[in-house]
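Input: a single structure, listed below in structure tokens.
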Amino acid sequence: MLVNILMIVISVFLVVLAILAINSKSLIKSVMYLSALSMLSVIGFVIMKAPDVAVTEAVIGSGLVTSLFVFTLLGVKKVGAAK
């Protein structure tokens, strides 16, 4: 029963974070919302007893993709400032 309630709460937060990421005016805030969404999905995968998928999502979804987005945004700002 507790697992079902926890999954419903996580699902609601996932939808809210996805909407915030889509509607955010700032690109860096959007990336942070996507990172939080990815970490919350890791918790969901652990609750669903899929630790292998959770580890993959944590490493690739939260770590690699977020850092790639952040470094890309920093690079775009430097190129934009050079013009």
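The values are calculated or read from the model by the stated rules, or taken from the named source; none is laboratory data. None of the values given here were measured: they were computed from a predicted structure. For neighbour counting, all protein chains shown are included, and Cβ atoms are generated from backbone atoms with ideal geometry for every residue, glycine included. Note: accessible area is taken over every heavy atom of the protein model, side chains too, but ligands, DNA and RNA are not part of it. Shrake-Rupley method; radii C 1.70, N 1.55, O 1.52, S 1.80 Å.
Figures for the structure shown
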| read-out | value |
| --- | --- |
| Failed item in (1) exposed (fewer than 15 other Cβ atoms within 10 Å of the Cβ); (2) in a helix (DSSP H, G or I), with A36 passing the rest | (1) |
| Residues of region 1-19 satisfying the condition of being open to solvent by 70 Å² or more (accessible area, probe 1.4 Å), among the aliphatic types (A, V, I, L, M) and in contact with a helix residue (DSSP H, G or I) (Cβ under 7 Å, 6 or more places away or on another chain) | V3, L6 |
| Residue within region 48-60 that is on the phi > 0 side of the Ramachandran plot, of a type outside the set (G, A, S) and assigned to a loop (DSSP other than H, G, I, E, B) present | yes |
| Residue tally, condition basic (K, R) and part of a helix (DSSP H, G or I), over region 61-83 | 2 |
